[in-house]
Amino acid sequence: MNKKVTVILKQVLGGERLSTKDALLLFKEADLISLGLVASELRNRLHPGNTVTFVIDRNINYTNICTSKCRFCAFYREESNPEAYLLTEEEIFAKIEEAQRLGATQIMLQGGLHPSLDINYFVGTVGRIRERFSIHLHSFSPPEIVHISEISGISLRETLQRLKEAGLDSLPGGGAEILADEIRHLISPKKIDSHLWLRVMEEAHWLGLPSTATMMFGSVERYEHRLEHLHKIRSLQDRTGGFAAFIPWTFQPGHTALGGSGTSSSDYLRTLAISRIFLDNIPNIQASWVTQGSKIGQVALSFGANDLGSTMIEENVVRATGTGYRMSKGEMIKAINEAGMIPAQRNTLYDVLQVFE
């Protein structure tokens, strides 16, 4: 292995922060096993005890109607399409009731950028969910927040404040894709730019709404773009401390306008490990079994991940590409056990609810 790479990894283990320049060298020249060993050591320092967490939740995609029409998305439909839908409140309530019967502690409401839904719709929906259910609402990604703000003619802060007052608990990190505008203009030209995505998250954090951050990679970006993304996330976290977790996942090309062949499992593991090494201020790194499958999800636990994410009672966006991995609570526990680790169910804020020894 390159001597400079060896020095960098030793410096990281000694507590030095990884620069973007050195991270690029790791992407290009570090061997995968060495990256995994270092990422695992850093993970163990943050999370001693060999415990791997997961959450039981349901993704409720309230509409697939979307004006953004991202080239990497196979889920959206135009309003005139016969497959377009907008769930009724009764349908949303029924999905939440079923999720709670299955042990869910979290609901993620996410949907397309519907041209007719303003703040009153969302505040009303969230408020009525809060009246009926005791469950964490981890909902509405930054593009949705911006869309609601623009349609309603109110500021981002007021949009977030009104949703929080109605009962919103935290924000998912969706819509980040790659926070490099050169790439965003290619894969999602109608979606908000990187500055606006980060601004929504910063406003949310200052209002007391924690969030997660994501990265979709393996489409048309280069390593430099991934590192631009990681640097922006780390810099915002330095200011606010509001990101509870980082979730890197791979582009799924099936049935999308962008197409292509996606990326390999080894590239996924390399990016995951470097994410754990680079993001020294974000406590949790989630493995993306939804795009990689349970076996690579298990391997990811040796490349810096300390969390297997959600059982996902329902998930529609990735499935629209033709990728259809599923895991029940029992399968999640088994997968973690088989990886030689201790499974634990958590809530959205990573508090452990139950350990399965």
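Read-outs: derived from the displayed coordinates by stated rules, not from any lab. As the structure is a prediction and not an experimental result, all values here were calculated from the model. Positions of Cβ are generated from backbone atoms using ideal geometry, with glycine treated the same way; all protein chains shown enter the neighbour counts.
Okay, here's what the table says:
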| quantity | calculated |
| --- | --- |
| Gain upon complete extension [ARG239, LYS295; 0.36 nm per residue less C-alpha separation] | 16.5 nm |
| Under Karplus coefficients 6.51, -1.76 and 1.60, residue-wise ³J(HN,Hα) of the stretch 283-300 in Hz, glycine/proline x | x, 10, 10, 9, 7, 9, 5, 4, 9, 9, x, 5, 5, 5, x, 4, 4, 4 |
| Potential extension, LEU13-GLU338 segment - 0.36 nm per residue separation minus Cα distance | 114.3 nm |
| 14 Å beta-carbon shell around GLY241, net charge (K/R +1, D/E -1) | -1 |
| Correct choice for volume of the Cα convex hull per residue in Å³ that was computed from the model, options [x] 181; [y] 152; [z] 123 | [z] |
| Charge-dipole axis of the chain as Lys and Arg at +1 and Asp and Glu at -1 on Cβ define it, positive-most pick from LEU308, ALA245, THR263 | THR263 |
| Positive-end extreme of charge dipole, the stretch 1-133 - chosen from LEU109, GLN11, VAL123 (charges on Cβ) | GLN11 |
| In sequence order, calculated HN-Hα J values of the stretch 132-140 (Karplus, 6.51, -1.76, 1.60; Hz; x Gly/Pro) | 9, 10, 9, 7, 6, 9, 9, 9, 6 |
| Estimated dipole of the chain in Debye, rounded to 20 [Cβ of Lys and Arg +1, of Asp and Glu -1, Cα centre] | 800 debye |
| Charge-dipole axis of the stretch 3-355 as Lys and Arg at +1 and Asp and Glu at -1 on Cβ define it, positive-most pick from HIS47, ILE187, GLY330 | HIS47 |
| Amide H partners (placed H, <5 Å) of VAL52, local residues excluded | ILE342, ALA344 |
